[in-house]
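The values are calculated or read from the model by the stated rules, or taken from the named source; none is laboratory data. Keep in mind the model is a prediction, meaning the values are calculated, not measured. Cβ placement follows ideal geometry from the backbone for every residue including glycine, while neighbour counts extend to all protein chains displayed.
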């Protein structure tokens, strides 16, 4: 499946004293975009967790390129980078909606664990949706 684009709007509470989006806000935006990316693929975190498969973020890489401020819209392009036996790596490209300015580039790696916290294979249904 092709990447999707998810849009977020910078809320006032997500800005810092300098008036720009706080660096920590980006992580929440990635999570929101990733959740919608999975939903677009017919998967849901809730259903996976109910079945005992938990996806834990084990790595985040985020390169900030250009600031955004209160009420700016950010378009987040989300796509699959890699699927392994027990993990998935997802890439993100954040651009200012309207002027297409590159805001940030990122990636997250999520490992699949059971309720006991032990690493396990990605469920077949999820693997099939990712490839």
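Observations on the structure shown:
- Annotation note: of 30, 55, the sole residue that is assigned to a strand (DSSP E or B) and under 29 Å from residue 115 (Cβ atoms) is 55.
- Test: residue in segment 101-113 that is farther than 30 Å from residue 10 by Cβ, more than 17 Å from the chain's Cα centre (by Cα) and either in contact (Cβ under 8 Å) with a residue 40 or more places away in the chain or surrounded by 14 or more Cβ atoms within 10 Å (Cβ to Cβ) (or both): yes
- Condition met for residue 117 (exposed (fewer than 13 other Cβ atoms within 10 Å of the Cβ) and at pLDDT below 95): yes
- Qualifying residue in segment 38-50 (condition: outside any helix (DSSP H, G or I), in contact with a helix residue (DSSP H, G or I) (Cβ under 8 Å, 6 or more places away or on another chain), modelled with pLDDT of 95 or more and surrounded by fewer than 16 Cβ atoms within 10 Å (Cβ to Cβ)): no
- Among the residues listed as 58, 88, 68, the single one being within 19 Å of the chain's Cα centre (by Cα) and surrounded by fewer than 18 Cβ atoms within 10 Å (Cβ to Cβ): 58
- Any hit, segment 88-98, residues being in contact (Cβ under 8 Å) with a residue 12 or more places away in the chain and not in a strand (DSSP E or B): yes
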